[in-house]
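The structure follows.
The values are calculated or read from the model by the stated rules, or taken from the named source; none is laboratory data. As the structure is a prediction and not an experimental result, all values here were calculated from the model. Heads up, the Cβs are rebuilt from the backbone with ideal geometry, glycines too, and the neighbour counts pull from every protein chain shown. To get the accessible areas, we keep the full protein, side chains included, count just its heavy atoms, and leave off ligands, DNA and RNA. Shrake-Rupley method; radii C 1.70, N 1.55, O 1.52, S 1.80 Å.
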Amino acid sequence: MKFKLLGPAVAAVALVGTTLTGGAAVAQTPAAPVSAAAAPSCLNGLTNVPAKETVKVRTHAKLSATARGQWNKGKKGFLCNDGKSITGQKYTLCGKTSTKWQYGITNGTNVKGYVPEACLKWGIGG
């Protein structure tokens, strides 16, 4: 008699187990690794900000990042994210040492990326 009741009990436990887990076991794919911080929004910003010196516009806020183009001395551009500084790699450029970077777009060439804030005639470099 004990053996006759054991079979239905095991089946009931198995049924409850699949109900709680959603039925058949499904392999979960791992989430994609989180990439570097997304570029700041360019919906709002500061217009006509000139460069104090010619600087490279980079893919990330560090001197070793790939250069996308350059922001030429005296040329104006648009600073994204309302001109809020981004902390990046420490640099000594344009007469200043800082970790402050800006994300912007050059006027005319439309090159978009990170530039050292000290090299702009605005912010700490002003």
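Tell me, which residue of region 74-126 that is open to solvent by 10 Å² or more (accessible area, probe 1.4 Å), touching a residue at least 60 places away in the same chain (Cβ under 8 Å) and not charged (D, E, K, R) is nearest to Ala51 (Cα to Cα)? Please lay out each step first, then the result.
Looking only at region 74-126, we keep the residues that are open to solvent by 10 Å² or more (accessible area, probe 1.4 Å), and these are 74-76, 78, 81-82, 84-90, 92-100, 103, 105, 107-112, 114, 121-124, 126.
Among the residues that remain, those that are also touching a residue at least 60 places away in the same chain (Cβ under 8 Å) are: 103, 105, 112, 121-122.
Subsequent filtering for residues that are not charged (D, E, K, R) retains 103, 105, 122.
Details: Tyr103: 13, Ile105: 12, Trp122: 9 Å.
Among residues in region 74-126 that are open to solvent by 10 Å² or more (accessible area, probe 1.4 Å), touching a residue at least 60 places away in the same chain (Cβ under 8 Å) and not charged (D, E, K, R), the one nearest to Ala51 (Cα to Cα) is Trp122.
Give me the strands (runs of 3 or more DSSP E) completely within region 9-76, filtered to those with at least 1 residues that are modelled with pLDDT of 90 or more and aromatic (Phe, Trp, Tyr), ordered by residue number. Break it down stepwise before answering.
Numbers: elements: 45-50, 55-58, 67-71.
Where strands (runs of 3 or more DSSP E) fall fully within region 9-76 and carry at least 1 residues being modelled with pLDDT of 90 or more and aromatic (Phe, Trp, Tyr), they are 67-71.
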